[in-house]
Amino acid sequence: MVDTILSSPFVQTMLLPFLLVFAIIFAVLQKAQIFGQDKKQTDAIIAVVVALLVVSVGYATNVIINLVPILAVGLVVLLVFFLLWGFAFREKEFNVHKNVQWVIGGLAAITVFVTVLYFTPAWDYLRNMVSGQGSNIVMNVVFAVLIIAAVIAVIFGGKKAENK
């Protein structure tokens, strides 16, 4: 395996968390203008000090290192969902009935949900629940939910037809 500079422990445990914390603190201080307008030097010094303090504490660095990949994956999942959702809900360019838009949006949500399940260990867990030891309980719950959904659909569907 070829080691790159990005895979070195110094970069992963010190440099990247430092840069992340520095950038976030600096941006917050710039936006809040706590020390006044056009005080970039003061904001930068405080951001450097806070970032150095965070990096000097191993626990804080470990939390950052463990949270950032989860955040990145979550943001990518949201991006994919919103891209798919945007195909159905683009205003004035995609003239389709609202119900069709909601079906397309629902299919986009289901697609993203199933894709996330498939590419994570959750898919194997759910498959084992359905086909393994807990399959009787899961199938009974699914069957009960389907029956309740059917009853609700009949009750509310019938009322709408009577009102017309």
Problem - Flag for residue 27 being in a helix (DSSP H, G or I), at pLDDT 90 or above and surrounded by 10 or more Cβ atoms within 10 Å (Cβ to Cβ) - result: yes
Practice task
Might you check whether a residue that is within 30 Å of residue 120 (Cβ to Cβ), loosely packed, with under 15 Cβ neighbours inside 10 Å and of a type in the set (Gly, Ala, Ser) occurs anywhere in segment 32-43?
Solution key: no
Practice task
Can you tell me which residue among 26, 82 is over 30 Å from residue 105 (Cβ atoms) and without any contact (Cβ under 8 Å) to a residue 24 or more places away in the chain?
Solution key: 26
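The values are calculated or read from the model by the stated rules, or taken from the named source; none is laboratory data. All of these numbers come straight from a predicted model, not from anything done at the bench. Cβ coordinates were reconstructed from backbone atoms using ideal geometry, including for glycine residues, and neighbour counts include every protein chain displayed.
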